[in-house]
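Here's the structure, in structure tokens; my notes come after.
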Amino acid sequence: MVVGGGLAGITAALALADAGRPVTLVESRPRLGGLAFSFTRDREPGPLTVDNGQHVYLRCCTAYRGFLRRVGAEHLAPVQRRLDVPVLDARTGRLGRLRRSGLPAPLHLAGALARYPHLSVADRASVVRAALALRRLDPEDPALDRLSFGSWLRRYGTGPAAVAALWDLVGVATLNARADDVSLALAVMVFRTGLLSEAGAADIGLPEVPLGEIHHHRAGRALERAGVRVLTRTRVRGLRRSAEGGWWADLRRGDGPADPGAPGGSANGIGADAVVTALPQDATRALLPPGAVADPDRFGELGTAPILDVHVIHDRPVLREPFLAMINSPVQWVFDRTVASGLADLPGAGESQYLVLSQSAAGEEIDLPVAVLRERYLSALARALPAARTARVRDFFVTRERTATFDPAPGTRRLRPGPLTDAPGLFLAGAWTATGWPATMEGAVRSGLAAARAVRASGPGARIAAGVVATARGAGDPPGSAGLPPPASATAPAGEERDA
């Protein structure tokens, strides 16, 4: 049984089903996808399918790309042919681009760095020094986790302007924290993997459809084809050892007892030989039975970090790029979701454009009233985008994920567990576990694969080697396979937005 229908849980369920295991997946919400989902909003100019937050991935996210292929959705989230990120200095109005060449890494970014207008000559020199030093660091070195990325950058003469124009431009979006608040080990992993390993590693993949189409509809059909039994609107209230040596899950569906109707089940629960919990850290700590892990309180020490998304519909186009990063502005990243949301097909839409402003590391803003956010971000857009000054705002709303990711602060490495627990047959998954990655879609998928490998390794007669199954690197997997065997056979819920 897999508890939790986010990307980690879906991945674990598919990997185990493809390996011939009968699997039941239990999800408390009415939909799959975890924190990467869609909902319907029906206001002016008409019904839209809205993502709770803007999600992208990179070409180096091989596990998530494997997930997309497994659920038949790779074509719905294409990757750029070559990295190309427009970056606007909102203070000066100057536009620069981070665009890679066809040269091998790290030379693929040399031309972009030389032409990047948001760095001084001294800043460029500091970036080169830091990048060369990053290549020599090992993200697996425990000593790096005790240092902050910001303090390390300052050793190489990196000033605030260079941090804002480059390191935080990338790091805040991927790590959900600013350089001074990030573990150096995690930052090394992100920048080495994304920018310094292979020329195409940082090419951006952007979903062209709502996330619910991929993570709920397509993933749900893949689970059905694989033979996975999916129970939505069903909550696991407790786990305990069964008399047969497996596990018993107490279930509740909606407002009453669950009726799983599966072999080994009853009106009040279901039994399983093995259980994978694919829940956030606090929910995992609450669900684990006593003795399952040596120090469950450390899960609570692993803090959380929020993400705020601001949604604006203008009555005319105000952004010519598919997405845009900004510096010297409250706005971090802006994405055009006009087509993906269905706005372009609405009869009354006209020339309207739907923009999403993705704001990571949003601790100071996450609880601000909508009126305050409206004034702040509409003013910022008007200063940065001339067309926004005369455009009429047809709709404005925000979505808030207060616990979007784990906090990637220095010292978090020791708080992230691998898939194994001290209880036989009980395993952990989730982007917060020890994947080596930050809390991204890639990290979630890798955790599901690690848990599935651990389950398979713990089968009858198998010897569990913690050093082998406790990480999700998949060294034996073919490139891009994400460890998933070939498939066995070849309107989102509303009410999720917090403010309107």
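The values are calculated or read from the model by the stated rules, or taken from the named source; none is laboratory data. These numbers were taken from a predicted model, which means no experiment stands behind them. So basically every Cβ, Gly included, is an ideal-geometry build from the backbone, and we count neighbours across all protein chains shown. These area figures cover heavy atoms from the full protein model, side chains too; ligands, DNA and RNA do not enter into them. Shrake-Rupley method; radii C 1.70, N 1.55, O 1.52, S 1.80 Å.
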### Test: residue in the stretch 202-212 that is within 23 Å of Ala125 (Cα to Cα) and either of a type outside the set (Asp, Glu) or surrounded by fewer than 23 Cβ atoms within 10 Å (Cβ to Cβ) (or both)
yes
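Quick grid of which residues meet (1) at pLDDT below 95; (2) closer than 26 Å to Arg218 by Cα; (3) open to solvent by less than 50 Å² (accessible area, probe 1.4 Å):
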residue	(1), (2), (3)
Val398	no, no, yes
Pro417	no, no, yes
Thr435	no, yes, yes
Val445	no, yes, yes
Ala462	yes, no, yes
Gly483	yes, yes, yes
Ala494	yes, yes, no
### Query
Is at least one residue of the stretch 191-204 within 20 Å of Trp437 (Cα to Cα) and in contact with a Gly (Cβ under 6 Å, 6 or more places away or on another chain)?
yes
### Query
Filter the stretch 349-364 for residues that are in a loop (DSSP other than H, G, I, E, B) and under 18 Å from Leu169 (Cβ atoms); which is least open to solvent (accessible area, probe 1.4 Å)?
Ala362
### Task
Quickly run through the stretch 19-58 and pick out the residues that are of a type in the set (Asp, Glu) and crowded, with 20+ Cβ neighbours inside 10 Å.
Glu27, Asp51
### Message
Going residue by residue through the stretch 376-387, is there one that turns out to be in contact with a helix residue (DSSP H, G or I) (Cβ under 7 Å, 6 or more places away or on another chain), assigned to a helix (DSSP H, G or I) and over 30 Å from Glu301 (Cα atoms)?
### Response
yes
### Task
Select, from Leu48, Leu16, Leu25, the only residue that is part of a helix (DSSP H, G or I) and over 20 Å from the mean Cα position of the chain (by Cα).
Leu16
### Summary
For the stretch 419-433, the count of residues that are open to solvent by 10 Å² or more (accessible area, probe 1.4 Å) and outside any loop (DSSP other than H, G, I, E, B) equals 1
### Task
Specify which of the listed residues (Pro290, Pro317, Pro330, Pro280) is closer than 30 Å to Ala161 by Cα and out of contact with any Phe, Trp or Tyr (no Cβ under 6 Å at 6 or more places or on another chain).
Pro330
## Note on the structure
Only one of Ala391, Ala384, Ala344 is more than 22 Å from the chain's Cα centre (by Cα) and surrounded by fewer than 20 Cβ atoms within 10 Å (Cβ to Cβ), namely Ala344
#### Entry: Those residues of the stretch 196-233 which are under 26 Å from Leu426 (Cα atoms), in a strand (DSSP E or B) and either outside the structural domain of Ile10 (by the TED database) or within 24 Å of the chain's Cα centre (by Cα) (or both), in sequence order
Val230, Leu231
### Message
Criterion first (touching a helix residue (DSSP H, G or I) at 6+ places or on another chain (Cβ under 8 Å), at pLDDT 95 or above and at positive phi) does Gly6 satisfy it?
### Response
no
#### Entry: Matching residues in the stretch 400-409 - criterion: being part of a loop (DSSP other than H, G, I, E, B) and surrounded by fewer than 20 Cβ atoms within 10 Å (Cβ to Cβ)
Ala409
### Task
Name the single residue, out of those in the stretch 68-88 being touching a helix residue (DSSP H, G or I) at 6+ places or on another chain (Cβ under 7 Å) and assigned to a helix (DSSP H, G or I), that is nearest to Val334 (Cα to Cα).
Leu76
### Message
Can you go through Arg91, Arg65 and tell me which one is part of a loop (DSSP other than H, G, I, E, B) and either surrounded by 13 or more Cβ atoms within 10 Å (Cβ to Cβ) or not assigned by the TED database to the domain that holds Leu153 (or both)?
### Response
Arg91
### Query
Just a yes or no: is a residue in the stretch 167-180 at pLDDT 95 or above, among the hydroxyl-bearing types (Ser, Thr, Tyr), open to solvent by 10 Å² or more (accessible area, probe 1.4 Å) and in a loop (DSSP other than H, G, I, E, B)?
no
### Summary
Those residues of the stretch 28-43 which are outside any loop (DSSP other than H, G, I, E, B) and either of a type in the set (Phe, Trp, Tyr) or in contact with an Asp or Glu (Cβ under 7 Å, 6 or more places away or on another chain) (or both) amount to Ser38, Phe39, Arg41, Arg43
### Query
So which residues in the stretch 139-159 are surrounded by fewer than 17 Cβ atoms within 10 Å (Cβ to Cβ) and under 21 Å from Ala305 (Cβ atoms)?
Arg146, Ser151
### Summary
Flagged in the stretch 213-250 as open to solvent by 20 Å² or more (accessible area, probe 1.4 Å), farther than 30 Å from Val50 by Cβ and small (Gly, Ala, Ser), in numbering order, are Gly227, Ser242, Ala243, Gly245
### Task
Restrict the check to the stretch 28-48 and report whether at least one residue is assigned by the TED database to the domain that holds Gly9, farther than 25 Å from Phe396 by Cα, at pLDDT 95 or above and of a type in the set (Gly, Ala, Ser).
yes
